[in-house]
1. With respect to the numbered conditions (1) loosely packed, with under 10 Cβ neighbours inside 10 Å; (2) modelled with pLDDT of 80 or more; (3) of a type outside the set (F, W, Y); (4) outside any loop (DSSP other than H, G, I, E, B), which one is the sole condition not fulfilled by T112?
2. Which one is farthest from I177 (Cα to Cα), of the residues in the stretch 98-127 that are touching a residue at least 24 places away in the same chain (Cβ under 8 Å) and under 30 Å from the mean Cα position of the chain (by Cα)?
3. Among the candidates I95, I130, I136, I177, single out the residue that is buried (at least 16 other Cβ atoms within 10 Å of the Cβ) and free of Cβ contacts under 8 Å to residues at least 24 places away in the same chain.
4. Would you confirm whether or not the stretch 142-154 contains a residue that is part of a loop (DSSP other than H, G, I, E, B), at pLDDT 90 or above and out of contact with any Lys or Arg (no Cβ under 8 Å at 6 or more places or on another chain)?
5. When you check T150 against the structure, is it of a type in the set (S, T, N, Q) and over 29 Å from the mean Cα position of the chain (by Cα), yes or no?
6. If you go through the stretch 147-166 one residue at a time, how many are of a type outside the set (V, I, T) and surrounded by 11 or more Cβ atoms within 10 Å (Cβ to Cβ)?
7. Taking only the stretch 100-128 into account, find how many residues are within 15 Å of T150 (Cα to Cα) and of a type in the set (G, A, S).
8. Taking K167 as meeting all but one of (1) in a helix (DSSP H, G or I); (2) at positive phi; (3) basic (K, R), write down the number of the exception.
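The values are calculated or read from the model by the stated rules, or taken from the named source; none is laboratory data. Keep in mind the model is a prediction, meaning the values are calculated, not measured. Virtual Cβ from ideal backbone geometry, glycine too; neighbours counted across all protein chains shown.
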Amino acid sequence: MSFQIGDEVSVLDDDISGVIVEIKNESLGVKTADGFVLEFKSNELIKSKSFSSDIFSNDGYDEVIKQKEQPSKKQSIKKKPKERNLPAMEVDLHIHKLTDSNRRMTNYDILTLQLDTAKRQLEFAMRKRIQKIVFIHGVGEGVLKMELETLFRRYENIKYYDADLQKYGNGATEVYIFQNINP
């Protein structure tokens, strides 16, 4: 690249810019904004004007704006293998999540409410073709878990197993609903 006195230049490997004030054999004197004259070789410099003046040299400003405003194809979001296997639906059957107050409820009433909620959510998932549901029942004495298993055995198109131990601990059961193509 050929340089002349008065060219505005920038240093390639440093944050220095200025104007060429002298040319000696293989070195160029560049006066910085601070007033210092520094010497560089021609292969260490680039003209500053070339950045701003050549940006729209091939296309006009309006053409660049039109290209940028055109809708681009939506890129599909790739899911990680772990995220693909996460259940689509979680149902927390803890009584404080199902009702505001359980003060006047007996254990039978509480268990009935929890099982009715589980059945309603399971049938909702079947209607909406949701494949996986996690029922969070807690550890406790295991009564709700046993009743849930009894409920799940009534359905032919599901299988159930303990949910992810790291995420839910021992207090959750995951249900997989087989999506039958043939009625």
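1. All conditions pass for T112, except number (1).
2. It comes out as Q121.
3. On the way: I130 fails: free of Cβ contacts under 8 Å to residues at least 24 places away in the same chain; I136 fails: free of Cβ contacts under 8 Å to residues at least 24 places away in the same chain; I177 fails: free of Cβ contacts under 8 Å to residues at least 24 places away in the same chain.
Within the list I95, I130, I136, I177, the selection yields I95.
4. Yes: the stretch 142-154 contains one or more residues that are part of a loop (DSSP other than H, G, I, E, B), at pLDDT 90 or above and out of contact with any Lys or Arg (no Cβ under 8 Å at 6 or more places or on another chain).
5. yes
6. Adding up the residues that qualify gives 11.
7. Residues that pass the stated criteria total 1.
8. Evaluating K167 over (1) in a helix (DSSP H, G or I); (2) at positive phi; (3) basic (K, R) leaves (2) as the failure.
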